[in-house]
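Accompanying notes for the structure given below.
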Amino acid sequence: MKKTGTMILAAAMSALAFTAAPALAQDRERTAVEAPEYPRGAERRGIEGYAVVEYTVAEDGSVAEATVVEAEPEGVFDRAVLRAIEGWEYAPAASATAGVQQRFDFNLGG
């Protein structure tokens, strides 16, 4: 699923939201966005939480050097957010944009 802007993904009893990237990347238009999938194990166990990813937007608009810098609970949502963020694309620019952060909230609806 690819959309631009803030997104809320609702599937069955689960919901995932993420906020727009901070001011550092606002000059870089997002051209492709993928929402992470709610990890099935976490969903089955009723685990909610969040993960914050920090990354660089390369000159060509691709995402590089993505790493989870904060998560609660640790290690539960990391793989899902990294897989999704690496599929994001931004408009090309004259230079890379480092230190971009994105927060993903994982909440179960009910």
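Estimated at the nearest 10 Å², the accessible area of Asp60 is 110 Å² with a 1.4 Å probe. Karplus-derived 3J(HN,Hα) values for region 74-91, using 6.51 cos²θ - 1.76 cosθ + 1.60 with θ = phi - 60°, are 5, x, 7, 10, 4, 4, 5, 6, 5, 4, 5, 5, 5, x, 6, 9, 10, 5 Hz; glycine and proline are entered as x. Residue ranges 101-107, 46-52 sort as 101-107, 46-52 when ordered by packing (mean number of other C-beta atoms within 10 Å per residue, highest first). On a per residue basis, region 38-95 carries 55 Å² of accessible surface, using protein heavy atoms and a 1.4 Å probe.
The values are calculated or read from the model by the stated rules, or taken from the named source; none is laboratory data. Owing to the predicted nature of the structure, the values given are computational and were not obtained by experimental measurement. Positions of Cβ are generated from backbone atoms using ideal geometry, with glycine treated the same way; all protein chains shown enter the neighbour counts. Accessible surface areas use protein heavy atoms only, side chains included; no ligands, DNA or RNA. Shrake-Rupley method; radii C 1.70, N 1.55, O 1.52, S 1.80 Å.
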